[in-house]
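The values are calculated or read from the model by the stated rules, or taken from the named source; none is laboratory data. Since this is a predicted model, take the numbers as computed values, not measurements. A quick note on method: Cβ atoms are made from the backbone with ideal geometry, for glycine too, and the neighbour counts reach across all protein chains shown. Calculation scope for accessible area: heavy atoms of the full protein, side chains included, ligands and nucleic acids excluded. Shrake-Rupley method; radii C 1.70, N 1.55, O 1.52, S 1.80 Å.
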Amino acid sequence: MHVVSDVHGNSRDLAAAGDGADALVCLGDLVLFLDYADHSRGIFPDLFGVANADALVELRTARRFDEARELGRRLWGELDRSGASREAVIESAVRRQYADLFAAFPTPTYATYGNVDMPRLWPEYAGPGTTVLDGQRVEIGGRVFGFVGGGLATPMKTPYEIGDEEYAAKVEALGEVDVLCTHIPPDVPELCYDTVARRFERGSAALLHAIRTTRPRYSLFGHVHQPLARRARIGSTECVNVGHFNATGTPYVLEW
């Protein structure tokens with residue numbers, strides 16, 4: 001089993017991510033809105049230029065979120081005054097990325113949403129070889145995999161953020177699984193801290209509780225691109241950040 005997360009537009013490497021595996025698991029964040037390593041890549045710089053992307057990253061990294069939102073409001077306001085619909089422009093860009101990315105998925109692929117994804121569009125692009133799961137279980141190779149997509153509410157206000165109670169309900173609906181597959185990590189500080197962005201990303205307390213009480217063999221996730229720790233053991237559960245696939249182009253390998 002090969003596992004990827006945080007693809008962020010890397011369709012080239014995604015096309016080979018399943019090579020040699022019985023199946024591919026994708027833990028979300030297919031869309032590339034803004035590449036923090038290369039500010040010239042993504043929907044934001046395509047619309048507003050690299051200089052504005054530089055400014056936005058600098059403000060967000062400094063946690064000056066109010067100023068970052070004000071910059072966004074000004075830029076989107078200028079676009080709105082040009083006669084373009086903000087929602088239509090974003091959706092068109094996302095659709096172009098989804099067309100390439102879903103076409104790159106091998107058969108079979110099991111996928112869930114990331115916080116920057118747009119779930120309502122996925123049924124249009126997921127082919128018969130791709131199974132989309134969110135708050136659901138599936139048996140693969142004799143093991144039960146549970147999937148929970150999306151992220152929790154943050155000042156970033158990314159497209160697929162949900163409330164803590166709704167997220168916890170999806171986790172609870174899984175019951176006992178062998179492999180817990182999510183986009184965000186459990187709420188463990190060393191798994192949530194991004195050493196480059198210099199901030200804690202939101203992890204889930206409900207996930208941490210499920211790991212402690214149901215004891216899956218593995219908890220697999222992404223979301224934090226440069227974590228302080230990529231692995232941690234909670235009881236008998238091996239918790240693994242499968243990596244920032246956009247940057248590495250290399251899947252995590254799970255064998256049994």
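Across TYR252, TYR193, the residue with the most accessible area heads the list, and the full order at a 1.4 Å probe is TYR193, TYR252.
Evaluated with a Cβ-only charge set (Lys, Arg +1; Asp, Glu -1), the chain carries a dipole of roughly 320 debye about its Cα centre, given to the nearest 20. Take 64-70, 78-84 and order them by the average number of nearby Cβ atoms within 10 Å per residue, most first; the result is 64-70, 78-84. Using a cut-off of 11 Å between beta-carbons, work out the net charge of the residues near TRP256 (Lys and Arg +1, Asp and Glu -1, TRP256 not included). Net charge in that neighbourhood comes out at -1. Ordering of 152-163, 43-54, 222-233 by packing is 222-233, 43-54, 152-163, highest average first (other Cβ atoms within 10 Å, averaged per residue). Relative to the Cα centre, the charge distribution of region 1-132, modelled as +1 at Lys and Arg Cβ and -1 at Asp and Glu Cβ, gives a dipole magnitude of about 320 debye.
Ranking CYS192, GLY150, CYS181 by Cα position along the charge dipole of region 57-216, where only Lys, Arg, Asp and Glu carry charges on their C-beta atoms, puts CYS192 farthest toward the positive end. Taking label points 7 Å from Cα along the Cα-to-Cβ direction, ALA84 and LEU121 give a separation of 1.4 nm. Here r is the Cβ-Cβ distance between ARG212 and ARG12 and R0 is 41 Å; the resulting FRET efficiency, rounded to 0.05, is 0.55. Using 0.36 nm per residue and subtracting the Cα-Cα separation, the extra length available between ARG199 and GLU70 on full extension is 44.4 nm. Here the chain exposes an accessible surface that is 49 percent carbon and sulfur, computed with a 1.4 Å probe and the other protein chains kept in place.
Summary value for the chain: 22 percent relative contact order, contacts being C-alpha pairs under 8 angstrom separated by 6+ residues. Identify, among VAL224, PHE65, ILE90, the residue whose Cα sits farthest towards the positive end of the charge dipole of the chain, taking +1 on the Cβ of Lys and Arg and -1 on the Cβ of Asp and Glu, with the dipole about the Cα centre. Going by the Cα projections, it comes out as PHE65. With contributions of -39500 (n - 2.57) from each DSSP H run of at least four residues, the per-residue ellipticity at 222 nm computed over the chain stands at -10000 deg cm²/dmol.
From most to least packed by mean Cβ count within 10 Å, the peptides 124-136, 180-192 give 180-192, 124-136. Within the listed set ARG212, ARG137, ARG74, the residue fluctuating most in the Gaussian network model of the chain (springs between alpha-carbon atoms under 10 angstrom) is ARG74. Residues in the chain average 45 Å² of solvent-accessible surface per residue, probe 1.4 Å, ligands and nucleic acids excluded.
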